[in-house]
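See structure below.
Derivation of every value follows stated rules applied to the coordinates shown; laboratory data play no part. A quick note: this is a predicted structure, and the numbers were derived from the prediction, not measured. FYI the Cβ positions are ideal-geometry reconstructions off the backbone, even for glycines, and counts take in every protein chain you see.
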Amino acid sequence: MATALIIKTRLLYAPRLHHHHHCYPLLFSTTSPKPPKSQSLKSKKMESGNEITEEAKKNVNQKKKKIFVAGATGSTGKRIVEQLLAKGFEVKAGVRDLDKAKTILSEHNPSLQFVTADVTKGSDKLVQAIGDDSEAVICATGFRPGWNLFAPWKVDNLGTVNLVEACRKLGVKRFILISSILVNGAAMGQILNPAYIFLNVFGLTLVAKLQAENYIRKSGINYTIVRPAGLKNEPPSGNLVMEPEDTLYEGIISRDVVAEVAVEALGLPESSYKVVEIVSRADAPKRTYEDLFGSIKQK
Ligand SMILES: NC(=O)c1ccc[n+]([C@@H]2O[C@H](COP(=O)([O-])OP(=O)(O)OC[C@H]3O[C@@H](n4cnc5c(N)ncnc54)[C@H](OP(=O)(O)O)[C@@H]3O)[C@@H](O)[C@H]2O)c1
């Protein structure tokens, strides 16, 4: 049932995309890997001093930014974790099942820590999971299709609200949420869009996400809400297009790119207090993340 649902959802998200694939050459959308600013400064200092002692290495490690990722075992979440680690962040992976997590993510990376975190269990438990050492939270959770019709509401609305509350209690100042295009489909005149109908019939998923977004936007926390089009596991094709809220209603994007957008947002002030919708298009120009985020207005 789950597989059928995912396939069906993907088709609904991308009703007219094949046409583009045949017409244009595919270009990959990547940016050159860039370490967090504070770290590149540190490593430059160490090089010029020319003495990289074990003690100095330890200090750099201690000062690495630690990011909490909720939904770290998910198809997008695990990519976010991998990309954060590759860029030199420390990661606290919030997962429901530790054993499962260790089969999905590397168990032996000293920069990766696993903590149990079911977002539906209330904000106090999440305060413990996030701890006082996480500087930002990235939320990549999404309900798992099953028999519980309340799951979307519990995970995609209440769960995200719990995470935001935990951040408020802890003083975590940065929150990045993976949401979805069409969350505000009704206001966009997309009430008859099959994807909007389908996802809302399935436990009001989009409405749940929209309510959670609104909660974050009122929380005072510096947020970036990333609303991807239909997700695919395959590597990126085409270039990344970033648009303001409530503008995209179809299309597809690789989860690799979604993860990259979330990780890049962490280091870019241009992404602060913004809602961005993203999709890949073969005919789009290649742009930097500064430019993409910079072109979206804060509301
Ligand atoms: N599918 C699409 O085309 C599409 C399009 C646009 C946006 N989105 C959204 O993008 C996000 C990522 O999607 P995805 O397909 O990559 O995700 P996914 O593979 O379905 O992963 C969902 C993650 O959420 C976790 N989760 C579920 N319930 C939880 C709970 N109660 N507490 C903590 N974690 C919980 C899962 O943990 P377990 O591994 O333990 O189950 C898993 O890590 C979702 O919000 C999704 O709605 C999807």
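For Leu292, the shell of other residues with beta-carbons less than 12 Å away shows a net charge of -4, using +1 for Lys and Arg and -1 for Asp and Glu. Counting neighbouring beta carbons within 10 Å and listing from fewest to most, the residues Trp147, Trp153 come out as Trp147, Trp153.
Net charge around Cys167, counting only other residues with Cβ within less than 14 Å of its Cβ (Lys, Arg = +1; Asp, Glu = -1)? Mind dumping the intermediate values first?
Details: positive: Lys66, Lys92, Lys125, Arg168, Lys169, Lys173, Arg174, Arg217, Lys218; negative: Asp124, Asp132, Asp133, Glu135, Glu165.
Net charge in that neighbourhood comes out at +4.
In what order do Ile138, Ile104 fall by count of nearby beta-carbon atoms within 10 Å, going from fewest to most?
Ile104, Ile138
Between Trp147 and Thr103, full extension at 0.36 nm per residue minus the direct alpha carbon distance yields a gain of 13.3 nm. Computed from the C-beta positions of Ala187 and Lys297 and an R0 of 22 Å, the FRET efficiency is 0.80 to the nearest 0.05. Sorted on the mean count of surrounding Cβ atoms within 10 Å across their residues, most packed first, peptides 164-171, 185-192 read 164-171, 185-192. What is the distance, in nm, between label points placed 7 Å from the Cα along the Cα-to-Cβ direction at Asp132 and at Asn214? Taking the simple label geometry, Asp132 and Asn214 are separated by 3.6 nm.
Please give the net charge around Leu105, taking every other residue with its beta carbon less than 11 angstrom from that of Leu105, where Lys and Arg add +1 and Asp and Glu add -1.
Numbers: positive: Lys78, Arg79, Lys100, Lys102; negative: Glu82, Glu107.
Within the 11 Å Cβ shell, the charges total +2.
The number of Lys pairs in the stretch 157-299 with C-alpha atoms less than 18 Å apart, excluding pairs fewer than 8 positions apart on the same chain, is 10.
Sort 258-265, 211-218 by the packing proxy (mean of other Cβ within 10 Å over each peptide's residues), most packed first. Mind showing how you got there, number by number?
Numbers: 258-265: 24.5, 211-218: 18.0.
Final packing ranking: 258-265, 211-218.
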